[in-house]
Each structure stands twice: as structure tokens, then as C-alpha cells.
Amino acid sequence: MKELVGIMDLAKLFSEYYGLEEVKTKVNITIHEDNSSALVLANTIPPEYTSRSKFYHIETIWFREQIVTRGIEVVKIETTEQLGDIFTKGLTKE
């Protein structure tokens, strides 16, 4: 996501610098999350940290800013429906 945001901001910057028509970049992003703690950290404004979350607070702040400024939606889904888990968890032998 960081790469996409950077490209969108770069396109806007170039259009402003060269006096071109404004680049309207709009994306509809929905993040499906099955981790309750991640949902709390993503949706808590103003930021509140737990004793464990303070160690990665910089990335959390950036992510929260993008959620607010870009209109990103973070929704809860069941773990069984999280298709991305097949890339992070081992497969059964069956």
C-alpha cells in the first residue's frame, strides 16, 4: 500500500508543479482483518497504545493517517474467510 500511496502523491505533486489539470486519484480500499487487536489499533482515534503496541507505533500512526485521509475501510471478517492466511500459515497434509 505504501508504494501506491507514494505514486498517487507523486502524480498530484507533478500536476501541481507543472500547472497541469489536477490529477484525481481515488481508490476504494477495504482491508479485511481477522485480528481484533489490529482492528482496535487501526480504528482508534486519537491513537492509544498498549504496552506491546508502543514498539511499532510509527507504522501504526502512518497507517491510521492513511485510513483517515484516503477513506480506507477496515472491516472484521472471520478467520476461516481470511484467504490471505494461505500464504502465511502452513498447509495440512490432507
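What the table shows:
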read-out: Rough spin-label spacing in nm, given labels placed 7 Å along Cα→Cβ, for Lys12 and Val27; value: 1.3
read-out: Cα-projected label distance for Leu4 with Ile77, points at 7 Å along beta-carbon direction, nm; value: 1.4
read-out: R0 of 30 Å, Cβ-Cβ distance Arg70-Leu20: FRET efficiency to nearest 0.05; value: 0.85
read-out: Over 27 Å (Cα to Cα) - which of Lys2/Lys24; Lys2/Lys89; Lys24/Lys76 fall in this group; value: Lys24/Lys76
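Throughout, read-outs are computed from the coordinates displayed, never taken from laboratory work. Model, not experiment: these values are computed from the prediction. As a convention, Cβ positions derive from the backbone with ideal geometry for all residues, glycine included, and neighbour counts pool all protein chains shown.
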